[in-house]
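Everything below concerns the one structure shown next.
The values are calculated or read from the model by the stated rules, or taken from the named source; none is laboratory data. All values reported here derive from a predicted model rather than from experimental measurement. Glycine also receives a Cβ, built like all others from the backbone with ideal geometry; neighbour counts cover every protein chain displayed.
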Number of protein chains: 6
Amino acid sequence: MELLSVRMQIPDGANLILGQAHFIKTAEDLYEAVVNTVPGAKFAVAFNEASGPCLVRIESNDEELRRAAAANAQALGAGHSFVLLIRDAYPVNLLGRVRDCFEVCSIFCATANPVEVILAQTEQGHAILGVVDGSSPKGVETAADAKQRHEFVRKIGYKLQP
Amino acid sequence: MELLSVRMQIPDGANLILGQAHFIKTAEDLYEAVVNTVPGAKFAVAFNEASGPCLVRIESNDEELRRAAAANAQALGAGHSFVLLIRDAYPVNLLGRVRDCFEVCSIFCATANPVEVILAQTEQGHAILGVVDGSSPKGVETAADAKQRHEFVRKIGYKLQP
Amino acid sequence: MELLSVRMQIPDGANLILGQAHFIKTAEDLYEAVVNTVPGAKFAVAFNEASGPCLVRIESNDEELRRAAAANAQALGAGHSFVLLIRDAYPVNLLGRVRDCFEVCSIFCATANPVEVILAQTEQGHAILGVVDGSSPKGVETAADAKQRHEFVRKIGYKLQP
Amino acid sequence: MELLSVRMQIPDGANLILGQAHFIKTAEDLYEAVVNTVPGAKFAVAFNEASGPCLVRIESNDEELRRAAAANAQALGAGHSFVLLIRDAYPVNLLGRVRDCFEVCSIFCATANPVEVILAQTEQGHAILGVVDGSSPKGVETAADAKQRHEFVRKIGYKLQP
Amino acid sequence: MELLSVRMQIPDGANLILGQAHFIKTAEDLYEAVVNTVPGAKFAVAFNEASGPCLVRIESNDEELRRAAAANAQALGAGHSFVLLIRDAYPVNLLGRVRDCFEVCSIFCATANPVEVILAQTEQGHAILGVVDGSSPKGVETAADAKQRHEFVRKIGYKLQP
Amino acid sequence: MELLSVRMQIPDGANLILGQAHFIKTAEDLYEAVVNTVPGAKFAVAFNEASGPCLVRIESNDEELRRAAAANAQALGAGHSFVLLIRDAYPVNLLGRVRDCFEVCSIFCATANPVEVILAQTEQGHAILGVVDGSSPKGVETAADAKQRHEFVRKIGYKLQP
């Protein structure tokens with residue numbers, strides 16, 4: 001067994017949701033999950049079929065994201081994993097719907113940060129072991145940092161500013 | 001620390017759902033989740049108790065699946081992990097209910113493919129790191145492949161064929 | 001790439017929920033998830049911001065748990081991971097609410113057992129690969145063990161004793 | 001405004017789930033919800049389109065249930081209400097999936113009992129006000145009745161009999 | 001058909017959750033939902049069986065709440081309705097779990113206010129039509145009222161006070 | 001007791017979601033539910049406080065919708081009911097999130113159609129009994145109608161057109 005690190009390709013302004021599912025219908029059901037949640041979102045979902053023809057199964061409404069999602073899925077090479085790239089929508093909008101998709105097992109990460117995926121390679125294939133999502137923390141927030149955090153979340157409107 | 005690969009035993013026609021939970025009640029709650037969702041499903045759930053007596057805790061309504069689930073759980077040896085084997089039911093029927101179970105943390109995979117589980121072994125015990133689920137993709141689907149996929153999903157009745 | 005094992009610090013009587021999320025609002029949303037579910041619970045949530053200032057972001061209502069959560073998050077050093085420590089509440093009370101939090105991707109474990117987290121370290125940062133949660137199983141339960149298990153779960157009131 | 005009572009037609013051995021939704025896609029999404037949950041279930045869903053052509057929109061895999069669902073939907077005449085009739089499956093299998101359907105607002109009842117639906121009729125149309133589901137209680141259970149209830153639920157396998 | 005108004009009996013300090021479900025297992029499943037969510041909550045659930053023996057089916061861990069829940073269920077007399085009375089817990093803690101219960105169709109109200117339930121009475125039985133929950137609004141809040149509201153919700157700790 | 005019919009005011013291009021909840025925090029939590037789901041949505045939520053000051057509690061990011069939501073809530077006069085008006089978003093995007101809101105009991109309707117709400121008025125206050133949502137069905141769809149329905153849902157992109 002060998003360990004590998006594969007870097008995900010995340011187009012400018014896009015977010016990545018990386019997960020594990022279990023059936024080729026995943027591509028179509030995640031398409032519906034996005035389209036039914038955020039009107040106007042651009043996205044592509046690529047799912048690694050893991051038996052039979054073993055093709056990367058894709059649904060998308062954006063050519064650039066489609067190419068990137070397919071490339072990421074192939075780079076991972078892990079059966080039943082999926083890559084969802086989104087623009088004009090954010091993971092916070094979609095994670096619940098992705099998780100509730102009939103075929104989805106788990107979500108490894110959701111991020112716009114640089115992502116390295118740690119894989120194990122065996123004779124049979126690849127396993128996703130984990131994800132380096134952005135950078136490690138440099139310290140613990142102070143009361144002033146926490147205040148700034150609260151203000152930022154309120155300034156972008158995600159929480160109310162009473 | 002050492003890395004191991006353990007192959008899951010999946011009886012003919014069965015599917016495997018592999019996950020992490022946190023309390024011996026998991027065995028009983030997953031039993032209820034299956035029984036309340038798919039009438040007539042055959043299944044076995046084995047949960048690795050991780051403190052005290054440290055026994056593999058099992059509920060099932062099928063002897064063959066029970067033996068296989070117990071063997072898989074022991075082969076994994078990872079505390080608080082669970083193995084659910086099902087027949088006459090499919091992961092797509094059950095994943096939502098399994099995930100909503102009060103004790104379930106996450107689901108590593110759901111599959112009828114050959115499965116290798118990658119484990120880390122420390123002095124304390126075993127950690128599930130990831131899963132090789134079936135084979136790696138051999139290429140990206142073409143428009144013709146996508147058409148076949150859509151037709152197949154509709155032929156088996158999971159989506160409507162207008 | 002190097003593999004590391006990091007031991008979590010779980011104060012007496014506390015439980016740990018360890019997961020992956022994706023935005024600094026996670027700290028505040030998990031605070032609300034706990035406060036809105038178990039009246040009187042003591043807890044701390046620490047989230048590893050993975051871009052910009054890269055600070056450990058914390059919300060809590062208990063000083064000891066706050067220090068331990070921050071120390072655990074720093075020891076992990078994995079971007080977008082979170083540590084939730086709770087007292088006077090149990091994972092079974094909270095897992096559903098934690099999972100439904102808008103930002104949460106997945107939950108690695110929920111436990112009061114000794115926990116070792118297996119990490120991969122790359123130049124970019126840390127990835128959580130898996131968790132040794134308590135001890136490995138020592139055997140398979142007998143019918144008598146199962147009876148005791150059923151009785152125990154009923155004695156603590158989690159299932160009815162008809 | 002006038003109050004009406006309309007009796008639902010429930011074919012032998014079928015169960016009725018009656019609810020409110022909000023878009024013609026409801027028929028197709030409920031079809032998928034059933035098919036993805038209980039393999040082999042027979043069912044029909046009828047949804048009252050409430051604008052434009054105002055047709056009863058139907059998906060089903062059983063002719064008798066289709067006719068009954070259509071007749072019930074027409075008898076109700078309430079915009080955006082839906083009638084789901086199922087055989088070889090039970091409401092307990094399906095309610096969660098029906099509720100999670102993107103278009104579903106609420107579920108009035110789920111039952112195999114005789115059902116009278118109370119409607120208000122205005123110039124504009126019909127409103128479902130409530131449901132007489134079976135009979136009124138004749139008394140409060142005794143300890144012996146409760147014991148029988150627990151035993152029955154366990155005898156049919158929905159709870160474990162330790 | 002006749003319309004009735006029935007006043008619910010809510011013991012001091014208790015909250016009422018009133019809903020519709022569809023099987024006698026409801027009583028036991030709601031018992032588990034409460035016990036698994038809020039440690040130490042006092043409660044009683046009464047469910048109106050609507051066929052066969054037609055008994056009020058009850059689970060509880062508090063005698064006063066048991067008597068009140070049974071009295072309310074009998075006063076309603078509506079098949080498949082349930083009454084959940086809770087102390088040392090609040091609807092906000094429990095509504096999600098109650099809604100996710102396998103048997104639950106809908107929740108009419110959750111409140112500590114005086115409650116009148118509007119019923120239709122037919123030859124067959126009773127239908128719950130709706131609920132007068134507390135008092136009607138006396139006006140629209142001003143900016144100052146909104147500020148007080150925000151402060152109150154933060155003072156009781158349900159939202160953070162940055 | 002008297003029955004009333006009240007017509008909802010739905011501004012051009014807006015959709016209405018009408019429901020029952022149980023605490024003044026509803027206004028703020030529904031605000032967050034919308035903002036975290038559909039970027040750029042315009043909306044207003046009005047909640048009828050049912051005890052103490054008994055004010056219509058409102059959060060919004062659009063003045064016209066705010067006025068309409070407040071007017072609707074006052075016209076209803078039913079304690080603990082809420083009115084959510086949305087533009088640039090659709091009920092299908094939001095219903096799941098609204099339902100999962102900690103305080104929400106049920107959703108009466110979600111629609112852009114003309115809506116009449118049927119109320120009971122007692123000395124204590126108002127109860128929402130049901131909703132006339134658009135028009136009654138004029139007939140049952142033919143195979144050709146069903147084909148058009150399938151095509152329409154696919155043309156607007158909510159389902160895939162294989």
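On the basis of being in contact (Cβ under 8 Å) with a residue 40 or more places away in the chain, within 27 Å of C:Leu94 (Cβ to Cβ) and among the hydrophobic types (A, V, I, L, M, F, W, C), does E:Leu76 make the cut? It would help to see each step written out before you state the result.
On the way: in contact (Cβ under 8 Å) with a residue 40 or more places away in the chain: yes; within 27 Å of C:Leu94 (Cβ to Cβ): no; among the hydrophobic types (A, V, I, L, M, F, W, C): yes.
Taking the combined requirement at face value, the residue does not satisfy it.
Using the structure shown, decide if F:Leu4 is in contact with a Leu (Cβ under 9 Å, 6 or more places away or on another chain) and buried (at least 22 other Cβ atoms within 10 Å of the Cβ).
Working: in contact with a Leu (Cβ under 9 Å, 6 or more places away or on another chain): yes; buried (at least 22 other Cβ atoms within 10 Å of the Cβ): no.
No, not satisfied.
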Residue check, D:Val35 over 30 Å from F:Val117 (Cα atoms), without any contact (Cβ under 8 Å) to a residue 40 or more places away in the chain and in contact with a Phe, Trp or Tyr (Cβ under 8 Å, 6 or more places away or on another chain): yes
Some residue of segment E:152-161 being touching a Gly at 6+ places or on another chain (Cβ under 7 Å), more than 7 Å from chain F (Cβ to nearest Cβ) and surrounded by fewer than 19 Cβ atoms within 10 Å (Cβ to Cβ): no
Subset of segment E:47-73 [touching a residue at least 40 places away in the same chain (Cβ under 8 Å) and among the acidic types (Asp, Glu)]: E:Glu64
Failed item, numbered, when C:Ala71 is tested on (1) surrounded by fewer than 23 Cβ atoms within 10 Å (Cβ to Cβ); (2) within 14 Å of chain A (Cβ to nearest Cβ); (3) outside any helix (DSSP H, G or I): (3)
Condition broken by B:Thr142, with the remaining ones in (1) among the polar types (S, T, N, Q); (2) closer than 26 Å to B:Gly13 by Cα; (3) free of Cβ contacts under 8 Å to residues at least 60 places away in the same chain satisfied: (2)
Selection within segment B:1-57 - β-branched (Val, Ile, Thr) and under 19 Å from C:Val131 (Cα atoms): B:Val6, B:Ile17, B:Ile24, B:Thr26, B:Val56
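If a residue has to be part of a strand (DSSP E or B) and either within 14 Å of chain B (Cβ to nearest Cβ) or surrounded by 23 or more Cβ atoms within 10 Å (Cβ to Cβ) (or both) to count, how many in segment A:75-115 make the cut? Give the derivation first.
As a first pass, look at segment A:75-115 and keep what is part of a strand (DSSP E or B): A:78, A:81-87, A:106-111, A:115.
Subset that is either within 14 Å of chain B (Cβ to nearest Cβ) or surrounded by 23 or more Cβ atoms within 10 Å (Cβ to Cβ) (or both): A:78, A:81-86, A:106-111, A:115.
Here the count works out to 14.
Please enumerate the residues belonging to segment B:126-142 that are of a type in the set (Val, Ile, Thr), at the interface with chain A (Cβ under 7 Å from one of its Cβ atoms) and either part of a loop (DSSP other than H, G, I, E, B) or surrounded by fewer than 24 Cβ atoms within 10 Å (Cβ to Cβ) (or both). Spell out the reasoning first.
In the first step, residues of segment B:126-142 are kept if they are of a type in the set (Val, Ile, Thr); the result is B:128, B:131-132, B:140, B:142.
Imposing the further condition that a residue be at the interface with chain A (Cβ under 7 Å from one of its Cβ atoms) reduces the set to B:131-132, B:140.
B:Val140 - this is the single residue of segment B:126-142 that is of a type in the set (Val, Ile, Thr), at the interface with chain A (Cβ under 7 Å from one of its Cβ atoms) and either part of a loop (DSSP other than H, G, I, E, B) or surrounded by fewer than 24 Cβ atoms within 10 Å (Cβ to Cβ) (or both).
Which one of these is of a type in the set (Lys, Arg), in contact with a strand residue (DSSP E or B) (Cβ under 7 Å, 6 or more places away or on another chain) and modelled with pLDDT of 95 or more: C:Arg97, C:Arg87? It would help to see each step written out before you state the result.
On the way: C:Arg97 fails: in contact with a strand residue (DSSP E or B) (Cβ under 7 Å, 6 or more places away or on another chain).
One residue alone meets the criteria, C:Arg87.
Residue check: is F:Gly52 more than 12 Å from chain D (Cβ to nearest Cβ), crowded, with 23+ Cβ neighbours inside 10 Å and modelled with pLDDT of 95 or more? Break it down into steps so the answer makes sense when it comes.
Values: more than 12 Å from chain D (Cβ to nearest Cβ): yes; crowded, with 23+ Cβ neighbours inside 10 Å: no; modelled with pLDDT of 95 or more: yes.
So F:Gly52 does not fit the description; no.
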Candidate set: segment E:34-49, residues that are surrounded by fewer than 24 Cβ atoms within 10 Å (Cβ to Cβ) and outside any loop (DSSP other than H, G, I, E, B); chosen: the one nearest to the other protein chains (Cβ to nearest Cβ): E:Val35
Selected residue (criterion: farthest from the chain's Cα centre (by Cα)) from residues of segment C:24-56 that are among the polar types (S, T, N, Q) and over 18 Å from E:Arg97 (Cα atoms): C:Ser51
Qualifying residue in segment D:18-29 (condition: within 9 Å of chain F (Cβ to nearest Cβ), buried (at least 22 other Cβ atoms within 10 Å of the Cβ), without any contact (Cβ under 8 Å) to a residue 60 or more places away in the chain and small (Gly, Ala, Ser)): yes
Candidates B:Ala21, B:Ala120, B:Ala112 - the one that is more than 21 Å from A:His126 (Cα to Cα) and not aromatic (Phe, Trp, Tyr): B:Ala21
Per-region count, segment E:143-162, residues under 27 Å from the mean Cα position of the chain (by Cα), in a helix (DSSP H, G or I) and not hydrophobic (A, V, I, L, M, F, W, C): 4
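Could you list all residues from segment F:75-109 that are of a type in the set (Phe, Trp, Tyr) and under 21 Å from D:Ala127 (Cα atoms)? Give the derivation first.
Of segment F:75-109, the ones of a type in the set (Phe, Trp, Tyr) are F:82, F:90, F:102, F:108.
Passing the criteria: F:Phe82, F:Phe108.
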